[in-house]
2 protein chains.
Amino acid sequence: MAKYTGLSVATISKYINGGNVLDSNRDSIGEAVKILDYKVNEIARGLKTRKSKTVGVLIPKLDSIFTTTIVSHIEGVLQENGYGTIICDYRRDPGLEAVKLEFLLGKSVDGIIIMPLALEAEQLQKIIKNDIPVIFIDRSVKGFGSDVVMADNLNASYSATEYLITRGHRRIGFICGPRDIHTAQERLKGYLRVHGDYRLKIDEALIKYGDYEIESGYNYTKELLDILKPPAAIFATNYEMTIGAIMALNERSVKIPDEVSFIGFDNIHLADLVKPPLSIVVQPMRQIGETAGSLMMRRLKGDRTGFPSIIRLKTELLIKDSVRDISGVV
Amino acid sequence: MAKYTGLSVATISKYINGGNVLDSNRDSIGEAVKILDYKVNEIARGLKTRKSKTVGVLIPKLDSIFTTTIVSHIEGVLQENGYGTIICDYRRDPGLEAVKLEFLLGKSVDGIIIMPLALEAEQLQKIIKNDIPVIFIDRSVKGFGSDVVMADNLNASYSATEYLITRGHRRIGFICGPRDIHTAQERLKGYLRVHGDYRLKIDEALIKYGDYEIESGYNYTKELLDILKPPAAIFATNYEMTIGAIMALNERSVKIPDEVSFIGFDNIHLADLVKPPLSIVVQPMRQIGETAGSLMMRRLKGDRTGFPSIIRLKTELLIKDSVRDISGVV
DNA sequence: AAAAGCGGGTTAATCGTTTAGCTCCATATG
DNA sequence: CATATGGAGCTAAACGATTAACCCGCTTTT
């Protein structure tokens, strides 16, 4: 390049990075770029600027629509800004989670977006010594002050449960996520709070702690059906457990909503696939991804306004035909 | 590092890259690594070796289990080998497809794994001027000699259709993918070939060309139900169209398999979710991902044996209860 | 005993950028 | 007219590794 134009590399660097260059030179460099098909070598640039123009995305699993839809939109925003997205799936393995986090840092990513599982603040602190931006999605890590983008899980669960209550349901089976996951705690809180607000007693037997996998949705639904006074409604609180619950209900030939009313989570496709169409809590996956992506871009540009910001995005309760109104029935 | 040990950087480089170093020095360097918490700067290394230790993965959509499961296993293999996976979702947009491909190359990836849509050989040739390894998954690009890893679509479709035929079905609705996609062509070939082998006539009205989206599965299923002599069985040939088909059948309250027999594709979760459980053609997603990943690793190591290799992986026909045996019925 | 071989080290160039600091020249200012 | 001012370009040093070329001294070979 320098040779072709007869200019020094410094001038060319100026041209590329928008410095002052004479029009005539500007033209000749532009021409050279075309002819030599010049592309900046981002690696060399990265060495100098200590920026790799990539961000790492660390997620628990890549085979769940919820996660991948978010990732897809993160990737979209980042790519528009010239940033690459290095993805790491830790397969819900706490060991891998830390390993892959280190791996990402080894690749000198400029920022990290994490959907954490078992990661703890201390550990994070140790692994991430340079202060690159970290954004959590869906869940946060206690004691680690950082931006978080998540759905408003508490209200999501509150209003779904409230919907059941106002339709006359009093015994509502609740298939919850793991006790140690923040999202799950929030969803449980919503369930509990609405019971309090409506002065309803809580029957612990109706609360099942699953592990967010199909299997547990399946097993706990069966358990719920088997207790002495089975619930008149079941609320499954994530994508996979919704699938499992439906499998169990189908297997037992339980009629929805005649015998049991049902509300699921996330699984918007599923909603219309089974008969009758299911009422579903829908998380704003696209919005979560885009918000996380653009927040990351802001942080990468050095804008620390509002740090650490906790962004809760509204969920939607999609009403279909899987809930029976028994409020009139005595 | 060099300062700490009193050795030259060259010696340290040898240590890192496995050259001959005196035991005593080896120890002291090892100690220095610990104390200084030294990590090789892959960017600097990349500048010299012209390797970024990252592989680009270009896919049409990140919100389909089929794709993401594959990506997840690709990522797994690559990560084990120290390679990062930069992902790009082109959202089934041919424009974006080329743009993101260039983007990936701009990030100096060492190799590229593509699930192509509209990309053509010529275009590819132009974009990829340096001869980095390219591996196609699921579909190939005509005229571009490169490794391909895919499911054996022809046989998959052949045996699913054959299964229907041997159960007495003669009019089999076939919801095919787009005419210009190789995978879809292969699946169609299987359908046609088995008809030939069994000396059955083909009714063009039973073949619907969808676009691999839910919507088209839904619409074409309805169309199939509406023709004068509707098919006794329907075979949907991808994940999304299987969902759509089931939605349509549900909406029309068509009983499976009493009124219509059904075989779906890929959607293994769905299989048990609906009543009755669906028979499904299952692609070996994990195997596709792992094969593509390790093939990429081999190519990156310079092993060109068998190039270009076209790897077809066996699919499985998962038999459940959605097909009625009418071979005895006259 | 001299030559050859080799293990283990060093030096210095290099990869392709960015950037601080300098020079040069033209224009504006007092 | 002498002096600031500042635009545009250049030089050269970095960034942190790899690597070719070379050197030293010990062992082995003849």
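Worth pointing out:
- Matching residues, the range B:42-78, being assigned to a loop (DSSP other than H, G, I, E, B), open to solvent by 10 Å² or more (accessible area, probe 1.4 Å) and within 7 Å of chain A (Cβ to nearest Cβ): B:S52, B:D63
- Across the range A:13-25, the number of residues qualifying as in a helix (DSSP H, G or I), within 8 Å of DNA strand D (Cβ to nearest atom) and surrounded by 10 or more Cβ atoms within 10 Å (Cβ to Cβ) comes to 4.
- Which numbered condition A:P133 fails, given (1) out of contact with any Lys or Arg (no Cβ under 6 Å at 6 or more places or on another chain); (2) open to solvent by 20 Å² or more (accessible area, probe 1.4 Å): (1)
- Only one of B:E31, B:E97 that is more than 26 Å from A:L58 (Cβ to Cβ), within 16 Å of DNA strand C (Cβ to nearest atom) and either part of a helix (DSSP H, G or I) or assigned by TED's automatic domain parsing to the domain that holds B:D131 (or both): B:E31
Yes/no per residue for (1) at pLDDT below 95; (2) out of contact with any Ser or Thr (no Cβ under 9 Å at 6 or more places or on another chain); (3) polar (S, T, N, Q); (4) in the same structural domain as B:V134 (by TED's automatic domain parsing):
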residue: B:M247; (1), (2), (3), (4): yes, no, no, no
residue: B:D258; (1), (2), (3), (4): no, yes, no, no
residue: B:G289; (1), (2), (3), (4): no, no, no, yes
residue: B:L295; (1), (2), (3), (4): no, no, no, yes
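- Taking each residue of the range A:191-214 that is within 22 Å of A:M241 (Cα to Cα) and in the same structural domain as A:Y163 (by TED's automatic domain parsing) and looking for partners that are open to solvent by less than 50 Å² (accessible area, probe 1.4 Å) and part of a loop (DSSP other than H, G, I, E, B) with beta-carbon atoms closer than 6 Å, six or more apart or interchain, yields A:A205/A:I227; A:L206/A:P231; A:D211/A:P178; A:Y212/A:G177; A:Y212/A:N238.
- Within the range B:237-270, being under 20 Å from the mean Cα position of the chain (by Cα) and assigned to a helix (DSSP H, G or I) holds for B:Y239, B:E240, B:M241, B:T242, B:I243, B:I268, B:H269, B:L270.
- Subset of the range A:271-286 that is in a loop (DSSP other than H, G, I, E, B) and surrounded by 22 or more Cβ atoms within 10 Å (Cβ to Cβ) - its residue that is nearest to the other protein chains (Cβ to nearest Cβ): A:V274
- Residues satisfying the stated conditions in the range A:288-312, i.e. aliphatic (A, V, I, L, M) and crowded, with 17+ Cβ neighbours inside 10 Å: A:I288, A:A292, A:L295, A:M296, A:M297, A:L300, A:I311
- Residues in the range A:80-94 that are in contact with a Leu (Cβ under 9 Å, 6 or more places away or on another chain) and either facing chain B (nearest Cβ under 7 Å) or not in a loop (DSSP other than H, G, I, E, B) (or both): A:G84, A:T85, A:I86, A:I87, A:C88, A:D89, A:P94.
- Looking across B:S24, B:S72, B:S52, B:S13, one residue alone is among the polar types (S, T, N, Q), in contact (Cβ under 8 Å) with a residue 40 or more places away in the chain and within 16 Å of DNA strand C (Cβ to nearest atom). It is B:S52.
The values are calculated or read from the model by the stated rules, or taken from the named source; none is laboratory data. This is a predicted model, so every value here is computed, not measured. All Cβ positions, glycine included, derive from the backbone under ideal geometry; neighbour counts span all protein chains shown. The accessibility values were calculated without ligands, DNA or RNA, using every heavy atom of the protein model including side chains. Shrake-Rupley method; radii C 1.70, N 1.55, O 1.52, S 1.80 Å.
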